[in-house]
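First the structure, in the form of structure tokens, and then the observations on it.
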Amino acid sequence: MQTRRNIYKILESGGSEIAAYRKGVEVMKARSNANQNDPTGWIFQANMHGTSLRNPTFNQFWNQCQHGSFFFLSWHRMYIYFFERIVRAASGDSNFSLPYWNYSERNQSVLPEPFRIPADSSNTLYVSQRRNQINQGQPLPANSVEYRTALSYVNFFSDIGSLAPSFGGGVVPGPMQFANPNVRGQLENQPHNVIHTVIGGAGWMSDPLLAARDPIFWLHHSNIDRLWEQWLNQGQGRSNPVNNSTWINTKFVFFNENGQKQEMSGKDILDTASQLNYIYDDKPMTPPPPPPTVSFVAPRSTQPEFLGSTPEGKVIQLTTNAAEFSISPVAQRAAFTALPVENQRVMLVFEGIEYEKPPGVNYEVYLNLPDDNSAPKQENYVGTIGLFAMEPHNHSHAEEHSGHDEHMAHEHGNHDTGEKHPKPTVVLEATKVVEALQKQGKWSGQFRISLVTTYQDKPLSEVRFQKISVYTF
Ligand SMILES: [Cu+2]
């Protein structure tokens, strides 16, 4: 049995994982340099997640990553499982397990030192294509690492077309690299997407076509995989979608440490210990701290009740680091000022999100901030929209490339404005903020929604929302 350990514990108490990871990454990079089509090479493995490179023989194995659907967690579990085996063999350390980075612990929110220092090419775990603040050792912003809200959702998935939030994402009929019409799963949005963009800035981790080239990608996904285990361990009805035959039976293709093709499907990865021979060092775990909202089973098939939205047909275009929108509940729901009714939930829905290339920012969402120009207050914080893996990738426009070039500018999406792309939706729950404001007598029934980028930087590409709506369950 292999144990995936906390990277900070490894740094404190010693362990062979970091040296083995260095060695493994080095060997894998050398393989890519010798033969770019070696499936156990560093770049090939990253291409399996995403790439703008094209190769007639290998296209079928590349660009497989699953985002925006209920395959998000299962596909990434399979992906890092085979990667871990490849590193183990390449490193020559048969005990190697992929560490995880638990950035949500306050004293562990700095990018672990081996990934930052030395900050040059002698360090195979360092890449310069990250946000400067992160490589300089600044802690990740506190809001960005919030995971308890995601873990509070009991339902793994939501149905096609439903606006209901879920832990693991929306149902899709089959694999889709960017399942954009869907509502993002809560764990995928935050912390997963948010952390990608916080680390990446204008660099690799913000872009699904380059993200897996950063050695920290794999520790981030090891942590997301661990949070899936934590979610299950909380019980109270939480379970994997074992009755959904699409989720259980859809096969994905990977390569093992010998470069042999391997197929895997949902039914092969339900129990990490008995099926994949690994556990996390915090299992069995004590339940995580109480979530900010009580456990919630979103009604999967009933549609929530519409309360209001920004003007229909007026696309929101964001090029700034902050913006504000007002929404008045529709007339017949004026009684909404009496919220909260017991068990009523309030959801902010950001529909039809779109950009041409990764914007490298996230928008934090605040509700009804005071008009005094003070810094955004935590009691008004609803959640963060993680702007990752949402752009309308259109591979047919990319050129054929035979070589690999890490710094190659690549075509993002399709600039033919006439074409309609399916666009993703993010749902953030505002119930606790509405309740808190009401308790203080500050709730007017109006929704004033503020969007603020985490580092006060502007998006690298215009971010568009079809509209922002408010719904209640
Ligand atoms: Cu990811």
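The values are calculated or read from the model by the stated rules, or taken from the named source; none is laboratory data. Being a predicted model, the structure only gives us computed values, none of them experimental. As a convention, Cβ positions derive from the backbone with ideal geometry for all residues, glycine included, and neighbour counts pool all protein chains shown. Surface accessibility is based on the protein's heavy atoms, side chains included, excluding ligands, DNA and RNA. Shrake-Rupley method; radii C 1.70, N 1.55, O 1.52, S 1.80 Å.
Brief remarks follow.
- So residue 389, is it assigned to a loop (DSSP other than H, G, I, E, B), farther than 22 Å from residue 328 by Cα and within 16 Å of the ligand (Cβ to nearest atom): yes
- When residues of region 438-473 are limited to those that are within 18 Å of residue 307 (Cα to Cα) and among the aliphatic types (A, V, I, L, M), the one surrounded by the fewest Cβ atoms within 10 Å (Cβ to Cβ): 468
- The residues in region 124-161 that are farther than 30 Å from residue 32 by Cα and under 20 Å from the mean Cα position of the chain (by Cα) can be counted, and the count is 22.
- Filter pass, residue 113 being open to solvent by 50 Å² or more (accessible area, probe 1.4 Å), under 19 Å from residue 193 (Cα atoms) and not basic (Lys, Arg): no
- Of note, residue 66 does not satisfy the criterion of being buried (at least 24 other Cβ atoms within 10 Å of the Cβ), farther than 18 Å from residue 388 by Cβ and modelled with pLDDT of 90 or more.
- Within region 71-90, the set of residues being closer than 17 Å to residue 20 by Cβ and within 16 Å of the ligand (Cβ to nearest atom) comprises 80, 81, 82, 83, 84.
- Criterion violated by residue 116 - all others in (1) in contact with a His (Cβ under 8 Å, 6 or more places away or on another chain); (2) farther than 20 Å from residue 224 by Cα satisfied: (1)
- Listing of helices (runs of 4 or more DSSP H) fully contained in region 126-207 that carry 2 or more residues being in contact with a helix residue (DSSP H, G or I) (Cβ under 6 Å, 6 or more places away or on another chain) and touching a residue at least 12 places away in the same chain (Cβ under 8 Å): 148-152, 194-200
- Residues of region 30-52 that are more than 15 Å from the ligand (Cβ to nearest atom), surrounded by fewer than 24 Cβ atoms within 10 Å (Cβ to Cβ) and of a type outside the set (Val, Ile, Thr): 30, 31, 32, 33, 34, 35, 36, 37, 38, 39, 52.
- Scope region 186-208; condition within 12 Å of the ligand (Cβ to nearest atom) and either open to solvent by 10 Å² or more (accessible area, probe 1.4 Å) or not aliphatic (A, V, I, L, M) (or both); matching residues: 188, 189, 191, 192, 193, 196, 197, 200, 204, 206, 207, 208
- Condition met for residue 61 (under 24 Å from the mean Cα position of the chain (by Cα) and open to solvent by 10 Å² or more (accessible area, probe 1.4 Å)): yes
- When region 170-182 is filtered for residues that are of a type in the set (A, V, I, L, M, F, W, C) and open to solvent by less than 10 Å² (accessible area, probe 1.4 Å), the ones remaining, listed by number, are 172, 179.
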